[in-house]
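Here is the structure we will look at, set down as structure tokens.
The values are calculated or read from the model by the stated rules, or taken from the named source; none is laboratory data. As the structure is a computational prediction, the values presented were derived from the model and not from experiment. Positions of Cβ are backbone-derived with ideal geometry, glycine not excepted, and every protein chain shown enters the neighbour counts. Accessible surface is based on the protein model in full, side chains and every heavy atom, while ligands, DNA and RNA are left aside. Shrake-Rupley method; radii C 1.70, N 1.55, O 1.52, S 1.80 Å.
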Amino acid sequence: MRLPPEPVEVVKSRREAALARLVASVPYIGFLGARFDRRGDELTAHLPFQPMLIGNPMLPALHGGATAAFLEITAIIELSWSNLWEDIESGTMSEIIALPKTVTFTVDYLRSGLPRDAYARARVNRSGRRFASVHVEAWQDNRLKPFAAATAHFLMP
């Protein structure tokens with residue numbers, strides 16, 4: 001006999017708690033002030049604008065290091081989220097979260113990041129037992145006009 005499905009509130013709260021634990025496991029996310037918005041199994045990273053993120057005050061433009069860090073944390077969280085999805089759904093997520101280690105990270109700066117909020121989404125191209133490949137795009141006003149993109153390779157935990 002099949003068990004009845006869980007109430008939607010229970011499922012949502014379990015997913016939100018898992019995402020909060022995952023984000024808390026990377027302290028730099030808090031320093032940048034980045035947040036993650038979850039819609040089903042899809043994550044969107046949000047980097048609210050802060051004056052400390054400006055690299056060139058003459059333009060002004062977002063600092064390349066802040067942009068790269070935003071892309072990297074987006075890739076790490078998306079990869080971890082996709083790998084933990086089955087455990088989250090079954091309610092068997094471990095207390096200890098092992099994050100993937102960055103092997104290579106290549107950023108393409110497509111145009112200057114303006115002093116505005118930024119958003120990013122990552123797509124896991126391949127995830128095996130040992131290595132994973134992830135592509136990330138960041139945009140500000142229009143998702144079809146990214147200001148930076150990155151390709152990353154990770155060593156899986």
Roughly how tilted is helix 8-24, in degrees to the nearest 10 and between 0 and 90, from the longest Cα axis of the chain? 50 degrees
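With the other protein chains left in place, how much accessible area per residue, in square angstrom, belongs to segment 66-157 at a 1.4 angstrom probe? Let's see the in-between values first.
Working: 4890 Å² over 92 residues.
Here the residues of segment 66-157 average 53 Å² of exposed surface.
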Taking R0 as 22 Å and r as the Cβ-Cβ distance between residue 130 and residue 85, the FRET efficiency 1/(1 + (r/R0)^6), rounded to the nearest 0.05, comes to 0.70
Simple SL model, points at 7 angstrom along Cα→Cβ for residue 6 and residue 56; separation in nm is 4.8 nm
What net charge do the residues around residue 18 carry, taking every other residue with its C-beta under 12 Å from that of residue 18, with Lys and Arg at +1 and Asp and Glu at -1? -1
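Less than 12 Å Cβ to Cβ from residue 155, Lys/Arg counted +1 and Asp/Glu -1: what total charge do the surrounding residues give? Mind showing how you got there, number by number?
Numbers: positive: 101, 129, 130; negative: none.
So the environment of residue 155 carries a net charge of +3.
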Using only alpha carbon pairs under 8 Å that are at least six residues apart, calculate the relative contact order of segment 8-155 and give it in whole percent. 24 percent
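Would you please calculate the Kirkwood hydrodynamic radius of segment 1-66 over all C-alpha pairs and express it in Å, rounded to one decimal? Show your work: numbers first, answer last.
Working: mean 1/r = 0.0685 Å⁻¹.
Evaluated over segment 1-66, this radius sits at 14.6 Å.
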For the chain, what does the helix formula give at 222 nm: sum of -39500 (n - 2.57) over DSSP H segments with n ≥ 4, over the residue count, nearest 500 deg cm²/dmol? -10500 deg cm²/dmol
If you stretched the chain out fully between residue 156 and residue 39, how much longer would it get, using 0.36 nm times the residue separation minus the C-alpha to C-alpha distance? 39.6 nm
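Determine the gain in length on full extension of the stretch residue 106-residue 25; use 0.36 nm per residue of separation and subtract their C-alpha separation, reporting nm with one decimal. Please report the intermediate quantities before stating the final value.
Working: separation 81, 0.36 × 81 = 29.16 nm, distance 2.33 nm.
Between residue 106 and residue 25, full extension yields an extra 26.8 nm.
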Can you give me the Cα centroid spacing of segment 14-32 and segment 83-118 in angstrom? 10 Å
So what J values fall out for segment 64-81 if you push phi through Karplus, 6.51 cos²θ - 1.76 cosθ + 1.60 with θ = phi - 60°, rounded to Hz, Gly and Pro as x? x, x, 5, 5, 5, 5, 4, 5, 5, 5, 5, 5, 5, 5, 4, 5, 5, 4
